[in-house]
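I have placed the structure first, in the form of structure tokens, so that the comments after it can refer back to it.
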């Protein structure tokens, strides 16, 4: 087979992206505290250790709380925003859309520092609540991007058809509107939850004394002996994020198909 | 069809800001009638249909449906059903579930519900496709599903919002015939919104031609075509030559006119039309004029002209004929029947006409 330059480029590119990530699970099964080749043997000891680590469990629980709260709130805000942006035309609509999407490209550290300054000035003490606020800010643009694709094609005459066939507004919402946009909402929840779960910088600045999982991981890096079990935790997190985002993309495509437009865009 | 009135629209006005989408529209629609609202886009025909369906309420005026005032009653409590322009098939449901959608509120038992769905699908030749997902069917099939979904409700009035405009020409012509048959079979009043004059003429019992939020003329297709009341209606429907004429004499329903380029004729005018001034516009359909080839010189009124252009349509040829005293050519259509030769540009011809060629547009 002839070696094509573009094929080689694609291969090198993908390798650069994913090979380092692959070392994480590989070393997490290595029977040694030192991260180096050759591998000493296979063990699941590091994973077993995760079961008995209360500090880690506390951090995980914090992350779940923040993730659930911020994904639900970000998705509700996203529903309102996406519906307004797709259904109504009002002055300043394009500018507003751009401003909402801006956190996607702003440096996270800038967002984190400015949030920290503002919250302290307002007299908030740092806690999981402040982390949640920060994560909502980070997640809303993703939520809007996902929901826009399921709302954009939503045909208003579907709701009219339901009314015309004798159903009232409430039944119409549950029998037509919700089923059609539900996959999009689910997709938004999963994506924003994943974003919150993986987010480090904002949590680092705003979490105070209650660490989230990424903060915990970072804090453990100081102890070389703890490294293997961080690798195990990282692998678990990696797989969880991958599964969550795959599910989210699956739902987003279904939502777009239901709304009658070809699946396009998206994050995966 | 009988003479009972099923829908009575009484001086309905609908304003959007300062714009009057409907301006004091009054019309009565009979039970079992195939009624069309015909007009260019923006004339208010869809707005009027949505008023009947209950998606929108009039700014003033009232709508009576089967003897009851339904003004302000929401769509879900009106005995009307609609076939939407884009069909509005529920994308998350199968064909069968779409058709059965409105039955939930009737609380039928399972066997009865299934029987009705099957019957409705068979009525539109979709009996074999009930289990299909709604994104797996073609445009023509979507339209049939939309029809079945509306008809299963046994509405007093079925509203159709440009249902054929998304279909290609061949399928559209086929569906025109099918819709007409279906309407006769179920005996339900159909109200069709269309901008396609041919569609309105072939399908309707009566047509209301709308312009600028008003009904310009409401009558049977033949009347609309042969006796358009004014120039906008005449222009919108079919081809028409517009000729200037002087009114010489008026007596009852008869007027004597002197048509520029043609000559004098005595023609009928509508009893309620009043002539202001001494000149009027006369319309003459291309097929109500003829070209004389020598063999059929029976018509006694003839003017001389020259062929400027011949447009060949297969079954018909449309000739533009320059007549000496007219600054614009007159269009005459001739059916290309056996034995009739085609004329070429530059040939001299005789244009035959008579009083029956002429329609006063007042």
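The values are calculated or read from the model by the stated rules, or taken from the named source; none is laboratory data. These figures come from a predicted structure and were not determined experimentally. Neighbour counts run over all protein chains shown; Cβ positions are idealised from the backbone, glycine included.
Which number in (1) part of a loop (DSSP other than H, G, I, E, B); (2) away from chain A (no Cβ under 13 Å); (3) surrounded by fewer than 21 Cβ atoms within 10 Å (Cβ to Cβ) marks the one condition that residue B:61 misses? Only one criterion in (1) part of a loop (DSSP other than H, G, I, E, B); (2) away from chain A (no Cβ under 13 Å); (3) surrounded by fewer than 21 Cβ atoms within 10 Å (Cβ to Cβ) is unmet by residue B:61, namely (1). When each of B:66, B:100, B:88 is tested for being in contact (Cβ under 8 Å) with a residue 24 or more places away in the chain, more than 9 Å from chain A (Cβ to nearest Cβ) and at positive phi, the lone residue that passes is B:66. Would the range B:135-154 turn up any residue that is closer than 30 Å to residue A:183 by Cα, assigned to a loop (DSSP other than H, G, I, E, B) and either modelled with pLDDT under 90 or away from chain A (no Cβ under 12 Å) (or both)? Yes, because at least one residue in the range B:135-154 is closer than 30 Å to residue A:183 by Cα, assigned to a loop (DSSP other than H, G, I, E, B) and either modelled with pLDDT under 90 or away from chain A (no Cβ under 12 Å) (or both).
Looking across the range B:116-134 at every residue that is within 14 Å of chain A (Cβ to nearest Cβ) and touching a strand residue (DSSP E or B) at 6+ places or on another chain (Cβ under 7 Å), the one that is surrounded by the most Cβ atoms within 10 Å (Cβ to Cβ) is identified as B:134. Tell me the residue from B:267, B:224, B:215, B:188 that is closer than 26 Å to residue B:23 by Cα, in contact (Cβ under 8 Å) with a residue 12 or more places away in the chain and in contact with a helix residue (DSSP H, G or I) (Cβ under 8 Å, 6 or more places away or on another chain), please. Residue meeting the stated conditions: B:224.
Suppose we filter the range B:104-115 for residues that are within 9 Å of another protein chain (Cβ to nearest Cβ) and either farther than 21 Å from residue B:188 by Cα or in contact with a helix residue (DSSP H, G or I) (Cβ under 7 Å, 6 or more places away or on another chain) (or both); how many remain? Can you show your working first?
Within the range B:104-115, the first condition is being within 9 Å of another protein chain (Cβ to nearest Cβ), and the residues that meet it are B:104-106.
Retained after the next criterion (residues that are either farther than 21 Å from residue B:188 by Cα or in contact with a helix residue (DSSP H, G or I) (Cβ under 7 Å, 6 or more places away or on another chain) (or both)): B:104-105.
Qualifying residue count, the range B:104-115: 2.
Screening A:139, A:98 for residues that are in a helix (DSSP H, G or I), more than 14 Å from every other protein chain (Cβ to nearest Cβ) and touching a helix residue (DSSP H, G or I) at 6+ places or on another chain (Cβ under 6 Å) leaves exactly one candidate, A:139. Checked against the criterion of being within 20 Å of residue B:161 (Cβ to Cβ) and modelled with pLDDT under 90, the range B:109-125 has at least one qualifying residue.
Among residues belonging to the range A:173-182 that are facing chain B (nearest Cβ under 8 Å) and within 17 Å of residue B:103 (Cα to Cα), point out the one that is surrounded by the fewest Cβ atoms within 10 Å (Cβ to Cβ). Spell out the reasoning first.
The first filter runs over the range A:173-182 and keeps only residues facing chain B (nearest Cβ under 8 Å), leaving A:175-176, A:179-180.
Next cut, within 17 Å of residue B:103 (Cα to Cα) only: A:175-176.
Details: A:175: 18, A:176: 25.
Among them, the one singled out is A:175.
If you go through the range B:298-321 and keep only what is surrounded by 15 or more Cβ atoms within 10 Å (Cβ to Cβ) and without any contact (Cβ under 8 Å) to a residue 40 or more places away in the chain, you end up with B:310, B:317, B:319, B:320, B:321. For residue A:86, the conditions (1) outside the structural domain of residue A:149 (by TED's automatic domain parsing); (2) in a helix (DSSP H, G or I); (3) surrounded by 12 or more Cβ atoms within 10 Å (Cβ to Cβ) are fulfilled apart from (1).
Per the conditions (1) closer than 21 Å to residue B:160 by Cα; (2) surrounded by fewer than 19 Cβ atoms within 10 Å (Cβ to Cβ); (3) outside the structural domain of residue B:34 (by TED's automatic domain parsing), the sole criterion not satisfied by residue B:237 is (2). Looking across the range A:162-172, just one residue is exposed (fewer than 15 other Cβ atoms within 10 Å of the Cβ) and facing chain B (nearest Cβ under 7 Å), and that is A:168. Please enumerate the residues belonging to the range A:184-212 that are over 30 Å from residue A:109 (Cβ atoms) and buried (at least 23 other Cβ atoms within 10 Å of the Cβ). Passing the criteria: only A:184.
Could you identify the single residue in A:150, A:162 that is in the same structural domain as residue A:74 (by TED's automatic domain parsing) and at pLDDT below 90?
On the way: A:162 fails: at pLDDT below 90.
Matching residue, one of A:150, A:162: A:150.
Evaluation of residue B:85 against the conditions (1) in contact with a strand residue (DSSP E or B) (Cβ under 9 Å, 6 or more places away or on another chain); (2) in a loop (DSSP other than H, G, I, E, B); (3) over 18 Å from residue B:162 (Cα atoms) shows that the sole unmet condition is (3).
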